[in-house]
Structure formats: C-alpha cells, structure tokens
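Peer 1: Below: one structure in structure tokens.
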Amino acid sequence: MIFRDWLKELDYTLLQGSVDVETEDVIYDSRKAAPGKVFVAMKGIRVDGHSFIPQVLKAGVRVLVTERPVEEELKNSGLSEDELKQVTVVMVEEGRHALALLSAARFDHPAKKLVMIGVTGTKGKTTTTHMIRAILLAAGKKVGMIGTTGTVIGDVVTPTLNTTPESYELHQAFAQMVEAGCEYAVMEVSSQGIKMHRTDGLYFNYAIFTNISPDHIGPGEHADFEEYLYYKTRLLNMCGIGLVNKDDEHAPQIIKAANCELYTYSEESKEADFVASDIRYVSQPDFVGTEFHISGKYDMEVRLGIPGLFNVVNALAAVSVCSFLGLDQARISHALENIRVNGRMEIVYTSERCTVLVDYAHNAVSMESLLSTLRDYKPKRLVCVFGCGGNRSKDRRYSMGEIGGRLADLCILTADNSRYEKVEDILADIRGSIEKTGGAFMEIPDRREAIRYSVFHAEPGDMIAVIGKGHEDYQEINGVRHHFLDREVIEEAVRELREKEQG
C-alpha cells in the first residue's frame, strides 16, 4: 500500500520525505512500532505522543504524522543523516482526526460497505443497540455490534476499553464485520467518542438520540452541559435519517441542531412520527415485561420481554429505525418478546415462586428508576441485593442506601467491587443512610451468599433485583479481579433450590 493513497481525504503539509512510500499499517501506540508502520503522534491530556518519536524511529518506523514540526525529536533519535533523509514527516492540524481517516483508508473504508446504525444518549444506548441487533438477527440479517459490552461479531465478543473505541479499533472491527459477511453495524456513539474524533469520517445511514441529562461533566470529559449536548447532537449531522425522542426536555434543542432527515418518537405526544400507547405491565409465571401498541408511520402490537416504561421507549426507538429497513413485523415481534440484554433489566428466573433479575444500576438515579419501575409490577415484596464500589465517592453509598430503604421492602447489603476498601466499611456507610429511612435490611458481605439467601428465602410473588454489576463478569478485591457473574450465581442457586425441593 502506498502512503499517498491513505492521505486522499486528509489535509496535510509534507515537512520532509516523500508520501510515495510503501506502508503496511497505522499505529498510535509506540510499543507497536516496526518497519512499514505509520506512527501518528497526538498530544493527549496526560501524554504527548510526539515524545515517543525517537523511540519509534529506532524501532524502524520511517513515516510520521505529527501535529507540529519535530526537528528536535528527529535529532534525538540517534539516526544518521542518511537515515533521517529517509523519514517522511506529514503535519496535520489534529492527530486524532488524521488517525480516523488514515485508519479508514488502511482498512479500505469498511464502514462504507455496511448499513451503519448509531445510537447516542445518556441512557438507553446499550439496550437499544441490543434490541436493534436482535431484530436484525431475527430477520435473518448478519449484523455486528459495538458498545459498552464490547464488539460482537457473530458469537464472538471482544472486550473494548471504551463504549466507542479508538478509531483504528473501530475500522478494524468494521473490516472484521465485512469479512464475516455482515450487512449491518449497530453501535453506541458516545459524546467522548465524537469529541475525541474517534468517529470522524463515518457516515451513519440511521441515527437515534435516546435522551440527555447531565453526565460525563468534569476534568478529562466535558466542560459543561452545553458542551456535552453539542457533542451528542453532532451524531445528527453525520447521518442520513435521524430519530429523536420527543419526550426528552431538550428535544427542541436537539431537533434544532440536527442536519438530516428527521423523525421523532414518543410515548406521550401523539404528534410524533412513531407513538407508543396502551402500555400494559405484564407479570406472569413465564413472562415479565410490557405490551403496547405502536402507531403513526408504523402500526403494530409489541410484547416486550424486558420490564419498564423506559424500555418501552427504547423498543419504540429500535422498531422506529427498523421500520425503514423493510423487515417483517412478525420477526420484529418475536425478537422483542424474547429479547435479553445482559445486565440490563435481565430476567434470569421467573416462576410462580418469584422473579429474579439483574441490572447494572450502580448510582442513585438508575437505582431509583429501576426500583420505581419494578413497583409498577406490584410484587408481594420488592427485594434489592446491592452494595457499592470501593474507592469511589461515599455520596453514592449514602444516596443508594436512602433509595433502597425507601423503595424496597427488603434490602440485602453485600459486596460489589470493593477494590482496596473493606466491604464492612462500605456496608457501614450504606447502613447509616438506610437506617434513617426505617426500611428493612440485612447484611451478608459475601455476594454469592447474599444472592443465594435472596433466592432460597423468596416468598411467592416476590421480585428480587440484584443490582450494581450487571454484565460485569468479575469482582475486584484488593486490586485483583476474580470471575463473578451475577446471572451465573442466580442460576446456580435456582438449580440448588430445585434439587433440594425434589430431593
């Protein structure tokens, strides 16, 4: 591959050398330096990639993409004058933008070979992307997915560091999707991903904006809510068709900022293009979820296998975007009735005895929303098994304790990711606030035993919510991660209980 071909869509200045050189790959991590690779130097918050230029040159790199002149770094490389003459230096205004466009070119623009569906918003991204994927799979389509739970291609799940990975990893994943025969790519698009130029150059055929509320504001993230909103709405300037939740209080600002063919969805406003109505909460021995009707530009009945009004809205978003794809309604209905999203209102067990679910709720806002939602199903008792992460703000413990004491009939306090703190100290902080509410609680520090206790002592009609860790498959104690998945522990407890009852 010739470097010049990778630069076609990029504005740059050639400082020295030639762009007509052969290249094999693009890197931004100096530890991957080798002959044939192009090193993109970027100035970050904590590290300046330009400082690694001498190191990558010694490792054989001869093509550099920089954000400034680098004469000093070249001199400090230890290369001879003849060797330095063989080094190509291209200067760009923004290294991360360059990395995105170079990565797309390096993998032969794989995103252009896929139907791209992007989902952004403060809440609901993960669930909505899983719903869209489930619908597409039910319709017989091949689809890849990128988000909080990793990159999913077929049955292969690859963990990712960020909700929206770095641009190189994004295009690498898209290329793997194309190679695997995927027709669609569904991905969560974070505001940080847009701000950090990870999505530069991407075009989304369809985009969904679920909602927005203050989040990710502070050092290293967004300066204020206005900046957060700005980067969220950028997705609606990178797509062909956009769908916006009209019920969100910031919807007018979001719609005004959009530069695409725009549609709205709502469970409140009949003026939206897609409307969810006649919502019914269903709790049966073999099914816990909702039933509702979609009208407007699409008309169908939906039976959704995940509880909660906010999941009705997520499903409405998923169905709305899929309505443009010409999919069979029966396939859509089947997918949503049988949908399971790991760690997001995930029903692990349901029977006449009780319902046990797992959710990622790990702060006051999400916990209050979850427990309030479960109250709508009128359980005999609402039991909440939870703790709080160690080495994090104590305010979270106090607020979660207060909400648990107020909304649950019984709280079972237990370990989460204690990290470098003692579980007993964390539980004492939660206990202090839960006692003020007068709510019933007990403490079982061992999370496995706490879950087992909740299942073994369930009363007919109980709903048990095991929250805080969701899809996480580890428990971090003293800096070491041990395998632990709430769903597995619940399933083990249920099997043990059945064997005990049968024996």
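The values are calculated or read from the model by the stated rules, or taken from the named source; none is laboratory data. Given the structure is predicted, the values throughout are model-derived calculations rather than measurements. All Cβ positions, glycine included, derive from the backbone under ideal geometry; neighbour counts span all protein chains shown. These accessible areas exclude ligands, DNA and RNA; they are computed on the full protein's heavy atoms, side chains included. Shrake-Rupley method; radii C 1.70, N 1.55, O 1.52, S 1.80 Å.
Peer 1: Looking only at region 361-375, count how many residues are within 20 Å of Ile451 (Cβ to Cβ) and either touching a Ser or Thr at 6+ places or on another chain (Cβ under 9 Å) or assigned to a helix (DSSP H, G or I) (or both). Give the derivation first.
Peer 2: Taking region 361-375 first, the residues within 20 Å of Ile451 (Cβ to Cβ) are 361-362, 366-367, 370-371, 374.
So of that shortlist, the ones also either touching a Ser or Thr at 6+ places or on another chain (Cβ under 9 Å) or assigned to a helix (DSSP H, G or I) (or both) come out as 361, 366-367, 370-371, 374.
Of the residues in that region, 6 qualify.
Condition check ((1) among the polar types (S, T, N, Q); (2) at pLDDT 95 or above) across all residues:
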{"site": "Pro285", "(1), (2)": "no, no"}
{"site": "His293", "(1), (2)": "no, yes"}
{"site": "Leu309", "(1), (2)": "no, no"}
{"site": "Val312", "(1), (2)": "no, yes"}
{"site": "Ala315", "(1), (2)": "no, yes"}
{"site": "Ser320", "(1), (2)": "yes, yes"}
{"site": "Ile332", "(1), (2)": "no, yes"}
{"site": "Gly343", "(1), (2)": "no, no"}
{"site": "Ser351", "(1), (2)": "yes, no"}
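Peer 1: Moving to a separate point now. Scan region 97-125 for residues that are farther than 14 Å from Ser167 by Cβ, among the basic types (Lys, Arg) and open to solvent by 40 Å² or more (accessible area, probe 1.4 Å) and report the count.
Peer 2: 3
Peer 1: Right, another one. Take Tyr453 and tell me if it is in contact with a strand residue (DSSP E or B) (Cβ under 8 Å, 6 or more places away or on another chain) and surrounded by fewer than 18 Cβ atoms within 10 Å (Cβ to Cβ).
Peer 2: Details: in contact with a strand residue (DSSP E or B) (Cβ under 8 Å, 6 or more places away or on another chain): yes; surrounded by fewer than 18 Cβ atoms within 10 Å (Cβ to Cβ): no.
No: the conditions fail for Tyr453.
Peer 1: One residue is enough: does region 65-79 have a residue meeting the conditions part of a helix (DSSP H, G or I) and under 27 Å from Val178 (Cβ atoms)? Outline the logic, then answer.
Peer 2: In the first step, residues of region 65-79 are kept if they are part of a helix (DSSP H, G or I); the result is 71-75.
Okay, now just the ones that are also under 27 Å from Val178 (Cβ atoms), so none.
No.
Peer 1: Hey, among Gly181, Gly144, which residue is at pLDDT 95 or above and crowded, with 20+ Cβ neighbours inside 10 Å?
Peer 2: Details: Gly181 fails: crowded, with 20+ Cβ neighbours inside 10 Å.
Of the residues listed, the single one that is at pLDDT 95 or above and crowded, with 20+ Cβ neighbours inside 10 Å is Gly144.
Peer 1: Let me ask something else. Quick one: is Thr127 closer than 30 Å to Pro214 by Cβ and in a loop (DSSP other than H, G, I, E, B)?
Peer 2: Details: closer than 30 Å to Pro214 by Cβ: yes; in a loop (DSSP other than H, G, I, E, B): no.
Spelling it out, it is not the case that Thr127 is closer than 30 Å to Pro214 by Cβ and in a loop (DSSP other than H, G, I, E, B).
Peer 1: Related question: Which count do you get for residues in region 235-260 that are over 22 Å from Phe324 (Cα atoms) and charged (D, E, K, R)? Steps first, answer last, please.
Peer 2: The first filter runs over region 235-260 and keeps only residues over 22 Å from Phe324 (Cα atoms), leaving 248-250, 252-253, 256-257.
Restricting the remaining residues to those that are charged (D, E, K, R) gives 248-249, 256.
The qualifying residues number 3.
Peer 1: Something else now. Taking Ser372, is it farther than 20 Å from Thr148 by Cβ and of a type in the set (Gly, Ala, Ser)?
Peer 2: So Ser372 passes the test.
Peer 1: Just one of the numbered conditions (1) outside any strand (DSSP E or B); (2) in contact (Cβ under 8 Å) with a residue 24 or more places away in the chain; (3) on the phi < 0 side of the Ramachandran plot is not true of Lys378; which one?
Peer 2: Condition not satisfied by Lys378: (3).
Peer 1: Let me ask something else. Among what's in region 464-503 and is more than 29 Å from Pro379 (Cα to Cα) and of a type in the set (D, E, K, R), pick the residue that is surrounded by the fewest Cβ atoms within 10 Å (Cβ to Cβ).
Peer 2: The extreme case among them is Arg481.
Peer 1: For region 407-487, list the strands (runs of 3 or more DSSP E) that sit wholly inside it and hold at least 3 residues that are within 27 Å of the chain's Cα centre (by Cα); which are they?
Peer 2: Working: elements: 410-413, 441-443, 462-467, 474-477, 480-483.
The qualifying strands (runs of 3 or more DSSP E) are 462-467, 474-477, 480-483.
Residue-wise test of (1) over 18 Å from Lys112 (Cβ atoms); (2) at pLDDT 95 or above.
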residue	(1), (2)
Phe174	no, yes
Gln192	yes, no
His197	yes, yes
Leu202	no, yes
Phe209	yes, yes
Ser213	yes, no
Leu236	yes, yes
Ile241	no, yes
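The rows are residues; the columns are (1) over 30 Å from Gln192 (Cβ atoms); (2) at pLDDT 95 or above; (3) among the hydrophobic types (A, V, I, L, M, F, W, C); (4) open to solvent by 20 Å² or more (accessible area, probe 1.4 Å).
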{"residue": "Val26", "(1), (2), (3), (4)": "no, yes, yes, no"}
{"residue": "Lys37", "(1), (2), (3), (4)": "no, yes, no, yes"}
{"residue": "Val40", "(1), (2), (3), (4)": "no, yes, yes, no"}
{"residue": "Leu64", "(1), (2), (3), (4)": "no, yes, yes, no"}
{"residue": "Gly95", "(1), (2), (3), (4)": "no, yes, no, no"}
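Peer 1: While we're looking at this one, here's another question. Just for region 1-11: of the residues that are open to solvent by 80 Å² or more (accessible area, probe 1.4 Å) and over 10 Å from Arg106 (Cα atoms), which one is nearest to the chain's Cα centre (by Cα)?
Peer 2: This residue is Glu9.
Residue by residue, here is whether (1) under 18 Å from Tyr168 (Cα atoms); (2) of a type in the set (Asp, Glu) holds:
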site: Ala34; (1), (2): yes, no
site: Val40; (1), (2): yes, no
site: Gly49; (1), (2): yes, no
site: Leu84; (1), (2): no, no
site: Glu94; (1), (2): yes, yes
site: Ala98; (1), (2): yes, no
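Peer 1: Just need a number here: residues in region 159-187 that are outside any loop (DSSP other than H, G, I, E, B) and touching a helix residue (DSSP H, G or I) at 6+ places or on another chain (Cβ under 8 Å).
Peer 2: Matching residues across region 159-187 total 13.
Peer 1: If I ask for residues that are modelled with pLDDT of 95 or more and open to solvent by less than 40 Å² (accessible area, probe 1.4 Å), which ones from region 258-272 would you list?
Peer 2: Listed by number, the residues that qualify are Ala258, Cys260, Tyr263, Thr264, Tyr265, Ser266, Ala272.
Peer 1: If you don't mind, another one. Since Gln176 meets every condition but one in (1) open to solvent by 50 Å² or more (accessible area, probe 1.4 Å); (2) closer than 18 Å to Ser323 by Cβ, which condition does it not meet?
Peer 2: Here Gln176 clears every test but (2).
Peer 1: Can you confirm whether Gly218 is out of contact with any Ser or Thr (no Cβ under 9 Å at 6 or more places or on another chain) and either surrounded by 15 or more Cβ atoms within 10 Å (Cβ to Cβ) or within 21 Å of Arg106 (Cα to Cα) (or both)? Outline the logic, then answer.
Peer 2: Details: out of contact with any Ser or Thr (no Cβ under 9 Å at 6 or more places or on another chain): yes; either surrounded by 15 or more Cβ atoms within 10 Å (Cβ to Cβ) or within 21 Å of Arg106 (Cα to Cα) (or both): no.
So Gly218 fails the test.
Peer 1: Would you please name the residue that is most open to solvent (accessible area, probe 1.4 Å), looking only at residues in region 277-316 that are assigned to a helix (DSSP H, G or I) and either touching a residue at least 60 places away in the same chain (Cβ under 8 Å) or basic (Lys, Arg) (or both)?
Peer 2: Kept after step one, since they are assigned to a helix (DSSP H, G or I), are these residues of region 277-316: 309-316.
If we keep only those that are either touching a residue at least 60 places away in the same chain (Cβ under 8 Å) or basic (Lys, Arg) (or both) too, we end up with 309-311, 313-315.
Working: Leu309: 60, Phe310: 77, Asn311: 3, Val313: 23, Asn314: 14, Ala315: 0 Å².
Applying the filter and picking the extreme gives Phe310.
Peer 1: For region 207-236, name all the residues that are under 21 Å from the mean Cα position of the chain (by Cα), free of Cβ contacts under 8 Å to residues at least 40 places away in the same chain and not in a loop (DSSP other than H, G, I, E, B).
Peer 2: Ile217, His222, Phe225, Glu227, Tyr228, Leu229, Tyr230, Thr233, Leu236
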